[in-house]
Every structure is written in C-alpha cells, then in structure tokens.
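Some notes on the structure that comes next.
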Amino acid sequence: MQYPTQTPSAYLFGGTHPWTPTDWTSTDDRVRGGSSHSYLSINSTTNAATFHGTLDITTLGGAGFASQRTTTTSHTWDLTPYAGLEISVPHSDGKKYTLTLKDELLPRRPDGRERSGLVWEYDFVAQKGGEVLRVRWEDFAPTFRGREAKGAKPLDLGGVRRVGIMVRSFFGEQEGEFELVVESIKGFGKGKSTGKAKEERYRDDPDAGGEDEEFSEKGWGEMRSERRGGLGWFSCCGLF
C-alpha cells in the first residue's frame, strides 16, 4: 500500500513543522501492569515539546518505561536526503532517553495489541543546560523485542512510519520524575554523531513479555538473577 510521504522540510517536529498534541500518544509500562506515566506538553509560544512524567520501578520489580510516539498510521517520512537526525534539547534533567524509529507497522493481533517488529533505537543523555545532538543513521541500533537484531535489514529511510521518545529504568539505574524539553527534531545533511557507544544491555520496554507471553514476576526475577551474574539483558519490546 502506498502512503502519503511528508517531505516539506528537514523538520519532522518543531521549526517549520510545529508540534501538535494530537500527533502523539503515550505507551507506558501500564500496558504491562506498571505504574509509570508520560505526557507530551506543547508550548505554542516557544514551539517546543516537553516530555515529562514519572518513571516507576517498584510495581514491576525494578523495570519500568514511559514513552510518547507518533499516532499516524497513514503517513511516512522520507529521510533519504539526510545523513541523520538532529535533536535540539534546550533543557534536560540528565536522565538517559531513547529516540526510536520504525519503518513498518504490522497488523494488530486479534486482541487488539500491536505485534512486535523491528525498532531502531538510539540512547542519549543531553546536558542539563541544553545541547544539540546529531545522530547518524549508523548510530541507530536495530532491535527486535528489545534485543539487538544482528543482521537485520537496513532501516527504510524512504518510509519511516513512526517516531518515538522513551525513558526507561535500565533495570533500576534511574527512576522518578523526568523532564526533557525538545525544541525540534530534523534531518541534517552533514555533521558528526555524538560518538556515544551503544550499550548491549537489559532494556525494559512495552513488549516486555513478547507477543505471546504475559508479564510475570518470575520472568523479571530470572532476568535480575542473570544480570547479577554479569550478563547484559534486553527485554522483549516492539511497540514503539
């Protein structure tokens, strides 16, 4: 199926493409029985968005996530003219956040839940006083259900279907109130990436139990035990 492609400018959000509340929706760990919650508040005066809320890790025994992602299912972004994405962050609380991209939205399951698919992720920590981050396409890690998908097909830059911003506990490493102000997300043609290495580690994400599994305390307990033994873990994900 052909979808309308948005290519009016380098800006995906902000700048010449103002932030719109209806373009975004939350996907928090409450879908897995958690208590985290997130919001995206738009300041029309500054044309900036504030991703904020509470990251709870007690309900799910150390795990937790909160995210906002785009709502459209009929449009795509053509990012082929660009070398990567530039994120302008005028204010951050110093927590680690994740930018996510998807180029395919699979049909929903019979119960209405979304199916797992490939997600391209980039973790970043912006300076509290503000920072402009440039992330090249090769800095995004393809993941499937939270694990790095080695050998995955390249991201279809001509047909990006979903953009998301997420904060997660990294199994207890961060929690509580969070706030990230994003002035704009846009494509850039030249420039360097932030150079921050990707970490192969546990990830607490929306699809934590996988497509055909429900969340269980036993599962989280087993992952915590493995992590204590020195192994990095990813949880199952794919809803972003």
Radius of gyration and Dmax over the Cα atoms of the stretch 84-136, both given in Å: 15.1, 46
Amide hydrogen neighbours beyond the local backbone of Trp24, cut-off 5 Å, H modeled: Thr71
Long-range amide H partners of Val132 with built H, under 5 Å: Val89
Distance in nm between pseudo-label sites at Thr59 and His75 (7 Å out along the Cβ direction from Cα): 3.1
Distant-in-sequence amide H partners of Val160 (H built 1.01 Å from N, under 5 Å): Trp77, Leu79
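Each reported figure results from applying straightforward, stated rules to the coordinates on display, with no laboratory input. Note that the structure is a prediction, hence the values are computed from the model and not measured. Note: ideal-geometry Cβ built from the backbone for every residue, glycine included; neighbour counts use all protein chains shown.
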